[in-house]
Amino acid sequence: MAADMRLPTIQKPVSLTFSAFDRKDLVVPGDVITSDTGFMRGHGTYVDEEKLTASVAGEVQRVDKLICVKPLKTRFNGEVGDVVVGRITEVQQKRWKVETNSRLDSVLLLSSVNLPGGELRRRSAEDELTMREYLQEGDLISAEVQSVFSDGALSLHTRSLKYGKLGQGVLVQLSPSLIKRQKTHFHNLPCGASMILGNNGFVWLYPTPEQLEEEAGGFYTSLEPVSVSDREVISRLRNCLLALAAQKVLLFDTSVLYCYESSVHHQVKDILKPEVMEEIVMLTQQKLLDQEG
């Protein structure tokens, strides 16, 4: 049986100037947020002896007089405009059910997708019969949250050409609280791969396409073999994402790119070894601090 032997290595000293213990906006259950009675009680809080107290571990958010605690580990609570990556679980009448890491399955209506070829017309009974030709069980899609139902379920749409069925790539499932909200969640990285950072914690890594097939209306998926170099880049990115998530670092294009650059000196399979992971993430945090300062 092969055994993996690792010898102790001298780590470069990395000075991180911030400390999580200095942050006043992070609380654990039982922490008193405020004793001022003028504030309103929001989600994740309760009143104990006239003091507003946290009931979950997370980040304190204040909106005027309303105080709530956003949990650090939770299911995805979608908002209108969020970009999500999901998997089709069921084909129903005029709709698809989509797993998006939220409490309830999301809904993608037949009227909320582009028809192949980008046709603009009313959906007919013929379209309803050919729904499985567009999307079937197990297909991965990227979509945007169009609205939220009263029970918390999400209604999705893929009307823009940047959304639609996903082709060849790797899906990485992480915590939604680690994804940073940005103007765009579609990134073409200079290392030769592209990334969709879904607000729901699902990250899709795929080779950067040479040209965009806009005439397909978001249903075209290339089945060309992916080169070994592209597969290695995607594997490295996947391990970098897992390393950042394990160390609870916020995920956005810059942090992922810095982590990728810091990991170049290591083999892909070594990135998830504990001491290598710690070294790479420390270097990434140092680069992020240097960029901010």
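The values are calculated or read from the model by the stated rules, or taken from the named source; none is laboratory data. Given the structure is predicted, the values throughout are model-derived calculations rather than measurements. A quick note on method: Cβ atoms are made from the backbone with ideal geometry, for glycine too, and the neighbour counts reach across all protein chains shown. What goes into the accessible areas is simple: the full protein's heavy atoms, side chains included, and nothing from ligands, DNA or RNA. Shrake-Rupley method; radii C 1.70, N 1.55, O 1.52, S 1.80 Å.
Points worth noting:
- Ranking 224, 279, 79, 49 by solvent-accessible area of protein heavy atoms (1.4 Å probe, all protein chains present), from largest to smallest, gives 49, 224, 79, 279.
- Solvent exposure, largest accessible area first (probe 1.4 Å, DNA, RNA and ligands not counted), of 37, 284: 37, 284
- Of 89, 206, 259, farthest towards positive along the dipole that unit charges on Lys, Arg, Asp, Glu beta carbons give the chain: 89
- As a fraction of the 1.4 Å probe accessible area of region 26-71, surface on carbon and sulfur atoms comes out at 49 percent.
- Computed accessible area, residue 191, all protein chains, 1.4 angstrom probe, square angstrom: 30 Å²
- Taking amide hydrogens as placed 1.01 Å from N in the peptide plane, the amide H of residue 43 sits under 5 Å from those of 69, each at least 5 positions away in sequence or on another chain.
- Potential lengthening between residue 231 and residue 292 on full extension [0.36 nm per residue; Cα-Cα distance subtracted]: 18.7 nm
- Residue (of 145, 58, 249) at the positive-pole extreme of the chain, dipole from beta-carbon charges: 58
- Approximate shape of region 46-97 as ellipsoid semi-axes (Cα gyration tensor, √5λ), whole Å, largest first: 36, 13, 11
- Net charge contributed by nearby residues that have their C-beta within less than 13 Å of residue 291 (K/R +1, D/E -1): -3
- The coefficient of translational diffusion for region 78-172, derived via Stokes-Einstein from the alpha carbon Kirkwood radius under 37 °C and 0.692 mPa s, stands at 243 µm²/s.
- Accessible area per residue was computed with a 1.4 Å probe on protein heavy atoms; residue 95 scores about 90 Å².
- Annotation: cysteines of the chain without a disulfide-compatible partner (Cβ-Cβ under 4.7 angstrom) are 68, 191.
- When region 26-71 is reduced to its Cα atoms, the Kirkwood hydrodynamic radius in Å: 10.0 Å
- Built amide H within the under 5 Å cut-off of residue 102, gap 5+: 76
- Net length gained if the chain between residue 224 and residue 47 were fully extended (0.36 nm per residue, minus Cα distance): 57.8 nm
- Per-residue surface analysis assigns residue 60 an accessible area of about 20 Å², computed on protein heavy atoms at 1.4 Å probe radius.
- By the rule of a C-alpha distance below 29 Å, with chain neighbours fewer than 8 residues away ignored, the lysines paired with residue 97 are 70, 73, 162, 165, 180, 183.
- Net charge, residue 151 excluded, C-beta distance under 15 Å - Lys, Arg +1, Asp, Glu -1: +2
- Placing a pseudo-label 7 Å from each Cα along the Cα-to-Cβ vector at residue 80 and residue 133 gives an inter-label distance of 3.4 nm.
- Compactness relative to 2.2 N^0.38 Å, alpha carbon Rg of the chain: 1.16
- Segment residue 94-residue 73, extension gain: residue separation times 0.36 nm, minus the distance between their alpha carbons: 4.2 nm
- Each of 32, 226 has its accessible area taken with a 1.4 Å probe; listed largest first, they run 32, 226.
- Per residue, region 26-71 exposes 65 Å² of solvent-accessible protein surface, assessed with a 1.4 angstrom probe and all protein chains in place.
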